[in-house]
1. How much length is gained if the chain between Leu129 and Val142 is pulled fully straight, taking 0.36 nm per residue apart and subtracting their Cα-Cα distance, in nm to one decimal?
2. Can you give the log10 of the normalised intensity I(q)/I(0) at q = 0.10, 0.11, 0.19 Å⁻¹, computed with Debye over equal Cα scatterers of region 203-325?
3. Under a crude label model (7 Å from the Cα following the beta-carbon direction), how far is Asp303 from Glu320 in nanometres?
4. Give the relative contact order (percent, whole number) for region 177-325; include only Cα pairs under 8 Å separated by 6+ residues.
5. May I have the convex hull volume per residue, in Å³, for the Cα set of region 270-323?
6. Quick one: which residues, 5 or more positions from Ala247 or on another chain, have an amide H under 5 Å from its amide H? H modelled 1.01 Å from N in the peptide plane, none for Pro or chain starts.
7. Local charge sum around Glu215 (other residues, Cβ-Cβ under 12 Å, Lys/Arg +1, Asp/Glu -1)?
8. Counting pairwise Cα distances across the chain, what percent come out greater than 25 angstrom?
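Rule-based calculations on the coordinates, nothing more; no lab input. Remember, it's a predicted structure, so these values are computed and weren't measured experimentally. FYI the Cβ positions are ideal-geometry reconstructions off the backbone, even for glycines, and counts take in every protein chain you see.
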Amino acid sequence: MSLFGRSLPPAIYAIAVLLFAPAALSADGPHAVQVTSNSVTVRDLLLPAMPTDGVGEDILGRDVLSGLRPGEQRILAPAEIHLRLSEIGIDAAARGWFWPHALIITRLSQVISAADLIAAGEQAIRPQLDLHPGDAASITPVTKPRPLLAPLGDITLEALVRPPRLPGGLWIADITGRQSGGAAVLDCTIRYRVRITGPVLVARRALRRGDALTEESVLQQTRDLTNLRGQPLRTTDQLTGLRVSRAASPGTILTTDWIEPIPAVRRGQLITALARVGAVRASARVRALADAGLGDTVRVRTDEDRAEFLARVAGPGLVEVTVLP
């Protein structure tokens, strides 16, 4: 039986090929092979002088090695090449294929720069900042990513943004790179610090709790809004019907945490109560026992007999009482 017969075990077969390969095929060094996909086919392994007459595409297109990452390099010794071909039913020696030296196989790749990864996160964060006219935002990466290798071809970078739980916290962007077919080929996570400045209304002077807000009590300044709790007031048009809910020192940024609607009825205020008994309407002066807004229910009391009852606020200084017959 021939030394290169199919009946020999693959490992012994590969060693025999190394020992008896023709010297005329020797080369000065390893042969470089470059591939673009994650697999290496029979065609990729063949040296330029190797005969391919009568070899069908079904054989040349068979995978010999798979799972190569972008930029990864593998070295296949001649014995391993023969063994891998034998495992897929190809007798290399019978076809006149010999490898005098190892093959250096490299999967070609492209570099996705750190700047491109950072920009993808910034572009996804900015629309979520709810910026107003005149606002400026600086988005700075806290963790700078390394450049990543990706397969050749068009890569689209997508970013899934996670806002901070508390004002002033870090924004997180999970970056995914996808090929045109939709397959994910890279991913990384970048954290950003965001700083927002913009025009807001601040207290011009010291304000006491319950003071009504007017154009004279505020002024507009450009301030850092990053760590604010609540939404800031931006223009004097927003002041109508508002007062401060707690004392504010000069320069305090007025936000929804510092303001409340001016009540239509105030505690201790003498107001008018309208009552309806069937078709008869009557009115009386009563005193409000709490602050209340329009439509709220408030407890009131008459000064004469100190009787208390509930009424609905119908307007400034006015409540309605419905008395069933």
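1. Numbers: separation 13, 0.36 × 13 = 4.68 nm, distance 1.78 nm.
Net length gain for the segment: 2.9 nm.
2. -0.43, -0.50, -0.94
3. 2.6 nm
4. Working: 320 pairs, mean separation 25.9, N = 149.
With pairs under 8 Å counted, the relative contact order is 17 percent.
5. Values: hull volume 3.8 nm³, N = 54.
Expressed per residue, the convex hull around the Cα atoms of region 270-323 is 70 Å³.
6. Sorted by chain and number, the residues that satisfy this are Arg209.
7. Numbers: positive: Arg204; negative: Glu216, Asp237.
Within the 12 Å Cβ shell, the charges total -1.
8. Values: 37840 of 52650 pairs.
Considering the chain, 72 percent of its Cα-Cα pairs are separated by more than 25 Å.
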